[in-house]
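The values are calculated or read from the model by the stated rules, or taken from the named source; none is laboratory data. Since this is a predicted model, take the numbers as computed values, not measurements. Cβ sites come from the backbone with ideal geometry, for glycine too, and all protein chains shown count toward neighbours. The protein model used for the area step is the full one, side chains on, heavy atoms only, and it has no ligands, DNA or RNA in it. Shrake-Rupley method; radii C 1.70, N 1.55, O 1.52, S 1.80 Å.
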Amino acid sequence: MSNSQPVDKERRVWMIACGATGAVAAGATGVTLLSTMAPSERAKAAGAPVEVDISSLAPGEMKTVEWRGKPVWIVRRTKEEVAALAKHDNELADPNSERKPDELTPPYARNTHRSIKPEYFIAVGICTHLGCSPSARFTPGPQPSLPEDWPGGWLCPCHGSTFDLAGRVFKNKPAPDNLEIPPHEYLSDAKVIIGVDKDHKA
C-alpha cells in the first residue's frame with residue numbers, strides 16, 4: 001500500500017500558479033538583463049559603435065545606417081567603379097585627401113579609394129558645405145545638373161556640390177572638403193563595425 005496521499009485540487013492550483021509566476025518573473029529578468037546589455041538609443045546617439053551585416057550588399061548597391069545621429073553610407077563599388085577613381089584626379093579639389101585629415105580621413109583611408117577595402121566605401125552622408133545629405137547618382141554620363149563626363153558619385157541637392165565614388169569633392173563647388181570617413185573596421189568579410197577603428201578609437 002502506498003504511503004503517498006493525493007494532492008487536493010486547491011493545493012494543485014496554488015502550486016501551478018506559483019510556478020507560472022516564477023517563470024514569468026525569470027523571463028522578465030532575462031529580458032531586462034538583455035536589454036541593459038544592448039546599446040540604448042541615448043548611447044547610440046552619443047556614438048556607440050554600430051555593427052552592420054554587409055553580406056547581402058551586391059556590387060553597385062548602397063546601404064545607409066545611422067551612427068551618432070548621422071547617415072552613414074556603405075557602398076559596394078564595382079571593379080569598374082574602383083578602376084575609374086584615378087581617372088579624374090585633376091577635376092577634384094582634394095584628390096589625395098590632404099585637407100583636415102585628422103577630422104575627415106583616417107590614416108587607413110588616405111588612398112585613392114579612401115577605404116580599407118577598395119571594393120567597399122564607407123562615409124558619413126552629409127555634405128561638408130551646409131550639412132545637407134547628397135543624393136546618389138551612380139550612373140555615369142550626362143544627366144540633369146551634372147556634367148557630360150560625370151563619372152558617378154553624389155550630387156548635393158541644396159547647392160550643387162558633387163562628390164565622386166570615393167567621396168572626394170569636385171573643384172569649384174560650394175563644399176570645401178571631401179566627405180568624412182567614420183572610424184570603422186571589418187569584423188569579418190560579412191560584417192563591419194562603424195564607430196571604432198583598428199586601434200579601437202571611437
*Please determine, by comparing only the residues of region 137-155 that are open to solvent by less than 20 Å² (accessible area, probe 1.4 Å) and at positive phi, which one is nearest to the chain's Cα centre (by Cα).*
153
_Filter result (hydrophobic (A, V, I, L, M, F, W, C) and either surrounded by fewer than 22 Cβ atoms within 10 Å (Cβ to Cβ) or more than 23 Å from residue 79 (Cα to Cα) (or both)) within region 173-189_ = 175, 187
*For residues in region 55-78 being closer than 16 Å to residue 196 by Cα and part of a loop (DSSP other than H, G, I, E, B), which is most open to solvent (accessible area, probe 1.4 Å)?*
68
*State the number of residues belonging to region 156-172 that are more than 19 Å from residue 87 (Cα to Cα) and crowded, with 19+ Cβ neighbours inside 10 Å.*
2
*Show the residue pairs that are 6+ apart or on different chains and have beta-carbon atoms under 6 Å apart, the first residue being within region 46-64 and closer than 23 Å to residue 135 by Cβ, the second being of a type in the set (Ser, Thr, Tyr) and at pLDDT 95 or above.*
59/78; 60/78
